[in-house]
Amino acid sequence: MITLFQALMLILDVVWFIMIVHIIMSWLINFQVLNLRQPIVGQIWDGLNRLLEPIYSPIRRLLPDTGALDLAPLVVFVIIIVLRQALANNAGFFLGY
C-alpha cells in the first residue's frame, strides 16, 4: 500500500510542477519575453495546454466568467493542496496502522 501512497503523491507533485511551468510560461508570453512563433516555445506551450486543458475546463465551467482573469489554476492548486494534505493525514491507512 505504501507504493500506492507514493504513486499518488508523485502524480500530485508532477501536476503541481507542470502547472507552475505553464503559469510562468504564460507570464513570459504575455510580457513578450517569449514568442510563440519560435518553434520550441510554440511546441512546449501547445503540449502544456493539451495536458492541462482537461483539468482546467470542468473547473472553468463551474466558475463565473471573470473576463481575462483565469481562476481555474488557482482552484486546481487548492485542490492539489487539499488532496496532498488528505493523503498525508491518512498515511497510516497506507502504512497499515
Practice prompt. Tell me which residues, restricted to the stretch 69-80, are open to solvent by 40 Å² or more (accessible area, probe 1.4 Å) and either closer than 17 Å to Leu10 by Cβ or in a helix (DSSP H, G or I) (or both).
Written response: Leu74, Val75, Val78, Ile79
Fill in: Phe94 vs. criteria modelled with pLDDT under 95, within 30 Å of Met1 (Cα to Cα) and either aromatic (Phe, Trp, Tyr) or outside any loop (DSSP other than H, G, I, E, B) (or both)
yes
Discussion item. When you scan the stretch 55-68, do you find a residue that is open to solvent by 40 Å² or more (accessible area, probe 1.4 Å), of a type in the set (Ser, Thr, Tyr), outside any helix (DSSP H, G or I) and on the phi < 0 side of the Ramachandran plot, even just one?
Written reply: yes
Worksheet item: How many residues are part of a helix (DSSP H, G or I), open to solvent by 30 Å² or more (accessible area, probe 1.4 Å) and farther than 23 Å from Leu71 by Cβ when one looks only at the stretch 23-46?
Response: 4
Worksheet entry | Qualifying position, being closer than 26 Å to Leu4 by Cα, assigned to a helix (DSSP H, G or I), in contact (Cβ under 8 Å) with a residue 60 or more places away in the chain and open to solvent by 70 Å² or more (accessible area, probe 1.4 Å), among Leu87, Leu51, Leu83 | Leu83
Worksheet item: Looking at Phe17, is it among the aromatic types (Phe, Trp, Tyr), out of contact with any Pro (no Cβ under 7 Å at 6 or more places or on another chain), touching a residue at least 12 places away in the same chain (Cβ under 8 Å) and not in a loop (DSSP other than H, G, I, E, B)?
Response: no
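The values are calculated or read from the model by the stated rules, or taken from the named source; none is laboratory data. Predicted model, so just to flag it, every value in this text is computed and none were measured. Note: ideal-geometry Cβ built from the backbone for every residue, glycine included; neighbour counts use all protein chains shown. In case anyone asks, the SASA skips ligands and DNA or RNA and just uses the protein heavy atoms, side chains included. Shrake-Rupley method; radii C 1.70, N 1.55, O 1.52, S 1.80 Å.
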